Amino acid sequence: MAGNWALSGRRQALERRGAIFDNIRAFFRERGYLEVETPFRIPAPAPEANIDAIPASGWFLHTSPELCMKRMLAAGYQRIFQICRCWRAGERGVRHLSEFTMLEWYRAGTDYLGLMDETEELLRAVAGAACLRYRGCSIDLSQPSERLSVAEAFARFSTTTPEAALADGSFDEVMVERIEPNLGIGRPTFLYDYPACCGALARLKPGNPNLAERFELYLGGLEIANAFSELTDPEEQRARFLAEAAQRAQNAKLPYPAVDKFLDALKDLPDSAGIALGLDRLVMVLLDAQSIDEVVAFTTEEL
């Protein structure tokens with residue numbers, strides 16, 4: 001009975017969640033996007049060192065629909081979006097679920113800067129208010145969002161540089177403890193131009209190959225989305241995947257099969273950009289929820 005009471009108590013949040021999803025779909029349809037569905041169970045995910053897939057009957061539950069959606073871009077689809085379930089092993093906390101809902105969209109003929117503009121428009125379209133309150137923080141959506149490079153963020157909020165932090169292995173720690181809590185305060189923040197090694201599938205910045213054309217969106221100190229200009233060189237992508245696979249092996253993580261069909265398709269991928277946005281987290285912010293558990297029907301522990 002207690003479980004049923006908890007589920008009943010989420011009704012208002014789930015109704016608002018459904019309305020947010022409706023507004024998201026309307027936003028993309030008005031802009032000529034095609035809503036697509038791709039398989040949840042795939043032969044292999046992208047071999048990223050820090051993201052672990054869940055095995056499923058000899059294949060894997062996808063950690064993101066990215067590989068399949070990029071193959072659709074390569075096949076000529078210009079604007080596509082998808083709202084789907086994704087799975088990542090070992091992720092659980094007040095901001096994390098191992099099974100969660102992702103919004104991904106991809107657009108040909110643009111780059112990560114164009115996606116920043118579109119993401120800003122999406123936020124305004126679905127928020128339902130010009131100003132949000134999240135964990136006591138006001139977030140003004142009526143003004144232009146902050147655009148802050150990773151180098152600028154390290155200079156402002158830490159005592160080191162991205163290069164030094166990467167060299168001594170503290171990059172992630174500095175990001176989580178020093179930088180992220182200060183982002184998206186007062187207005188949304190786009191943190192962009194990551195070190196090249198932090199963008200496994202991102203295009204490198206023309207004129208500065210030390211940087212990847214990647215950004216993350218923050219609201220109230222919470223990372224909401226991850227995006228980049230797409231890498232279209234299959235040989236460079238293959239080399240990066242081999243490096244990620246080697247890192248996984250060094251960390252004694254489960255090896256993945258090769259993603260040859262994806263790599264073969266990259267030669268036909270147009271200049272484009274794509275973004276993955278965590279919808280459970282976005283709903284958390286829009287509803288000023290303290291935990292991700294408040295904005296989903298069931299958590300794993302309740303099944």
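Taken together, the values in this text are just the output of simple stated rules run on the coordinates, not laboratory data. This is a predicted model, so every value here is computed, not measured. As a convention, Cβ positions derive from the backbone with ideal geometry for all residues, glycine included, and neighbour counts pool all protein chains shown.
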Residue-span extension gain [Asp168 to Glu121] - 0.36 nm each, minus C-alpha spacing = 13.1 nm
ask   = For semi-axes √(5λ) of the Cα gyration tensor in Å, the choices are [x] 28, 24, 21; [y] 32, 23, 18; [z] 37, 27, 18; which was calculated from the structure?
value = [x]
query = Scanning the chain for helices, which whole DSSP H stretches are 20 Å or more long along the axis (Cα) and average 0.0 or more by Kyte-Doolittle?
reply = 112-127
ask   = How much length is gained if the chain between Arg11 and Glu91 is pulled fully straight, taking 0.36 nm per residue apart and subtracting their Cα-Cα distance, in nm to one decimal?
value = 26.3 nm
request  = With only Lys, Arg, Asp and Glu charged, each at its Cβ (+1 for the first two, -1 for the last two), find how big the charge dipole of the chain is about the Cα centre; round to the nearest 20 debye.
outcome  = 560 debye
query = Okay, which of region 42-57 sit inside 16 Å, backbone N to the point 7 Å along the Cα-Cβ direction of Ala249?
reply = 47-49
